[in-house]
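Contents: one structure, followed by commentary.
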Amino acid sequence: MRFPVSLTLSRVSTSGNSLFSWLLLAPGMLFLAAFLVVPGILLIVLSLHDVDGMLMVLPTYSFSHYIEAFTSAGYIRALGTTLWVAALTAVLCVLLAYPAAWLLVSTRSRAWRTVLYVILISPLLTSVVIRTFAWIVLLAQNGLINDVLRRLGLIDAPLALLWNMKAVIVAYVQVMLPFAVLPLATSLGEIPAALPRASQSLGAGAHHTFLHVVLPLTIPGMMSGAIIVFALAAGSYVTPLLIGGRLQPLLPIGIYQQALQIANLPLAAALSLTLLVVTAAIAGLMSYVQKRWERRVYGH
Amino acid sequence: MATDRDFTAPVSSIGWRWLGRAAGGLVYLFLILPVLVIFLSAFSPGAYPQFPPESVSLRWFQAFFDNRAWLKALQVSAWLLLVVTPLTTLLGTTAAYALARLQFRGRDVLQAFVLSPLIIPQVVLGIALLYVLTGMGLSGSLTGLAIGHILVALPYAVRTVSVSLASMDRRLETASMNLGATPAYTFRHVTLPLIKPGIVAGAVFAAVTSFGEVSVSLFLTAPGTVTMPVRIFTYIDQTFDPVVNAVSAIFIVLAVLALVLIERTIGLTKAM
Amino acid sequence: MSAIDIHGVAHRFGDLQALAGVDLSIAQGEFFSLLGPSGCGKTTLLNIIAGFLAPSAGTVVVGGRDVTSLPPHRRDIGMVFQSYALFPHLNVFDNVAYGLRVRKAKGEDVRARVAEMLELVRLSELAQRMPHQLSGGQQQRVAIARALAIRPQVLLLDEPLSNLDAKLRKEMQTELRRLLGNVGVTTVMVTHDQEEALGLSDRIGILGAGRLQQVGTPLELYRRPVNRFVGEFVGHANLIQARANGSGIFEAAAHFSRKGVPLQLASSHAAGGDALFLLRPERIRLSASSTDAQQTNPANPANSVAGVVRDASYTGAELHVTVTLPGGGELVVEAPEANFAEVPRVGAPVQLAWNADDLAVLPAESKGARI
């Protein structure tokens, strides 16, 4: 069988920087340029447009929407609450992730480990509406928890478990926990088995070993997980809308309402860019801390 | 060796160990609780689930298949899946290969850029796309939805193919090109077969992501282009329909099947 | 009172009996090596002494205290791991100080002791470095300093030199001897390298298939191995199966002899019947034979044979010559190269001889009896 031989030998570059590779890069880059970069730029431009009383976009520019975002008590509160809820979710996820990751890593039976992986990852492959819906079924007035409590005789009237921030946070934690467990489990699994043994040989019991050896060495995985959970929670609107109701003071809900219900796109744009920048800044800071730790301990 | 994974020796601290395991077990129970609830409800004869369950009924599954609106939503989601999956896999594979083989300053930045849709808040992606697609006259159309789905699913495909590329022996490509084959030929006959697991896993991720996508889709749909998850959203928001339980149960089963597929190809531990 | 007493220790991994009934006593201040091929159970035994494994049977007594059911952190041992296991997130100083801080030692005491230990391993200037910045040899010295800092009753070394390259290994052997001679702590080392064990130990315990085959000083093990396994593992060995012929002489098995004219072995140590003789290659004297290679020297019939050179390799300091005997069997000879004017040619006839005392007697084994 004949195959195409490259006629210009200089092109047979084993370093990989061939024309072919550049050509392969093109379609993906073009797509992202068209549907990520350009929309991003246009969004910034949009956010600077004024609107008239009828919420029609005017050809003039100003920072009015940003001023509104940063001076309106409602939006400041929404941003603050969003960040606070995201941070709390991240912390809770990390705390719960430790026992879950430890169980995953220390399970010897391959069958059980697969079961745990299925429990961890299959939620990530189902739609977020479904995961949220399950909580509604659990927490609704005639939902499962109320039903069980009532039949056990512990309560007379059903508890109002939905429509508050606590329910939102519980749902957030359950929905995003796998994102915290997986990187942490990776980190935990990478700790050489000799290290905890060395610690014990020096006189440290399980507790001391965990605090002074295991925990510090899981910082990269823990930070990765925390960053992902924080970013996801900060941008979430479907879950809090369905569980907490439209009145929850969360910025993503406000953005959704401004865009699709009130149709004030420029304001929605300004709010979403604000959210993006603040979230990126915090995530960037956490990432920087993580990189510095890794450089100090591993040299890269 | 059997003792390699012991974090505490068998002779010590057994109490801590079992406490840790119990705590871990509780967390997994917490994780799986909603799934159990859904299955309980999907098969329960009444509108609300009973625990312990009294009997099993398939009426909600029946109701789903009898309902025109649900079937239309299924059709829309299926169409999108069939279009989005191959396109995403194609874009993802080519991008992953190029990023793995090219060396230039700023390559790492570009890599991060390609993965960025994963962490950009989907509400921001939704608005940006809404604005641009409206300007192109595509807002509310299937094409617009497809674009949105591809954008969200692309990072997954890039990631799985990158994993496969990283574990592949590069010298095989070098050997092929030393024998005179062009890079294109090498890619088709050497690389592609070797990274097939990553491509398949990427396709599975793309399909599952598209089928379940809602956060961006809500900005891009119109009454004629309602996907399954969007319909579920509006339904939960406005009414209570137990058919949603049945639909959810189907979604979960599909997710587990997808998981099995991914495990068979590149393995779960490396995919995430 | 001995430093370590091991009684009847056994360990099973599922179906596999890794250790079977080990009894051992190690004296205070002694450097004891556990030597054996991989899979022989030596690391298992070390882990049992350390407390990382619980034995299926038997007891471990350290310093008069039964520690069998004690967790590792209560056994007052120090351990140096094969991978050194330095804590990557702590610098050298904090690594060495780790055990002291666990014991809640005071700041100045910690500083003084760490400084003393770093001085001992000659790494004082590197106290602020992180482990990833150290070379393999340096990491190992930190690991030793860390283990010794807590003044353990017993120091355990798990294949300490196996990750080092050959030259570094020799240097570290000398270093270890100096260090541990200074400190005087009871040391148990696990290794598969017999040269290392012979060079460092006061006594060696050879493990084979989960059992202690022999315990003794390096000299005892080398000169008077108790069975074939030990004989072959420690040093090189020529093994000759022979049978007593009734007049105080042993006749070697067929492939060592010519048909009708058996190789005769005389040894004062062997009783009658069948015997397996071990002859060290460096104990055989080799000389050129001017007579017909097929004839044995009539003047001294026993402990001498004629043969033909099959292979001769020159290692610089020595010559290793493989000699084929009339019956087809082979003997390996090692001799200082200074004894030879030139390297023997392949095919050259030679005469081999040795002293009766150089023959070690091993228990005769039935065909196929192997460890």
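Points worth noting:
- Pair C:ALA341, B:LEU118: separation of 7 Å Cα→Cβ label points (nm): 7.8
- Listed residues A:VAL137, A:VAL181, A:VAL278, most fluctuating in chain A (Gaussian network, C-alpha, under 10 Å): A:VAL137
- Other-chain or far-sequence residues with amide H under 5 Å of C:VAL350's (modelled H): C:SER289, C:GLY307, C:VAL308, C:VAL309
- When shorter helices are ignored and each DSSP H run of at least 4 residues is given -39500 (n - 2.57), the per-residue value for chain A at 222 nm works out to -22000 deg cm²/dmol.
- C-alpha center-to-center spacing [the range A:230-300, the range A:144-172] in angstrom: 28
- Sequence-ordered 3J(HN,Hα) estimates for the range B:119-135 from the Karplus curve with 6.51, -1.76 and 1.60 and θ = phi - 60° stand at 10, 6, x, 5, 5, 6, 4, x, 5, 4, 5, 4, 4, 5, 5, 4, x Hz, glycine and proline given as x.
- Exposed loop sites here mean GluC sites (Glu not before Pro) with a DSSP loop assignment and at most 16 other beta-carbon atoms within 10 Å; chain C contains its longest site-free run at C:1-341.
- Arranged from fewest to most other beta-carbon atoms within 10 Å of their beta carbon, A:TRP102, B:TRP79, A:TRP112 become A:TRP112, B:TRP79, A:TRP102.
- Comparing mean-square fluctuations of B:ALA23, B:ALA246, B:ALA69 from a GNM of chain B with C-alpha springs under 10 Å, the top value falls on B:ALA23.
- Only helices enter the 222 nm calculation for chain C: every DSSP H run of n ≥ 4 contributes -39,500 (n - 2.57), and dividing by all residues gives -7000 deg cm²/dmol, rounded to 500.
- Prolate/oblate/rounded call for the range A:72-298, Cα gyration tensor, a/c under 1.5 rounded: oblate
- DSSP beta bridge pairing in the protein assembly as shown, given as percent antiparallel to the nearest 5: 75
- Calculated FRET efficiency for the pair A:ALA281/A:LEU19, C-beta based, R₀ 41 Å, to 0.05: 0.55
- Sorting A:HIS207, C:HIS320 from the fewest to the most surrounding beta carbons within 10 angstrom yields A:HIS207, C:HIS320.
- Label separation (A:LEU215 vs C:ALA353): 7.7 nm, computed from points 7 Å beyond Cα along the C-beta direction.
- The H on the amide N of C:MET79, modeled in the peptide plane, is under 5 Å from the matching H of C:LEU156, each at least 5 residues off or on a different chain.
- The range B:56-110 and the range C:135-207 have Cα centres lying 59 Å from one another.
- If the segment from C:ARG12 to C:LYS167 were pulled out straight at 0.36 nm per residue, it would be longer than the present Cα-Cα gap by 52.0 nm.
- Candidates B:GLY92, B:GLY202, B:GLY135: whichever shows maximal mean-square fluctuation once chain B is modelled as a Gaussian network with Cα springs under 10 Å: B:GLY135
- Here's how it looks for C:ALA18: its modeled amide H is under 5 Å from those of C:HIS11, C:ARG12, C:PHE13, which are all 5 or more places away or on a different chain.
- The ranking of A:ARG151, C:ARG280 from fewest to most other beta carbons within 10 Å of each one's beta carbon is A:ARG151, C:ARG280.
- Cα-based shape type of the protein assembly as shown, given that a ≥ b ≥ c are square roots of the gyration tensor eigenvalues and the cut on a/c is 1.5: prolate
- In summary, the helical segments of chain A meeting the span-like criteria, namely a full DSSP H run, a Cα extent along the axis of 30 angstrom or more and a mean Kyte-Doolittle hydropathy of at least 0.5, are A:73-106, A:165-190, A:265-298.
Here, each number is a calculation from the coordinates, and none is a lab measurement. Here the structure is a predicted model, which is why all the values come from computation and not from measurement. Using ideal geometry, Cβ is built from the backbone for each residue, glycine included, and neighbour counts are taken over all protein chains shown.
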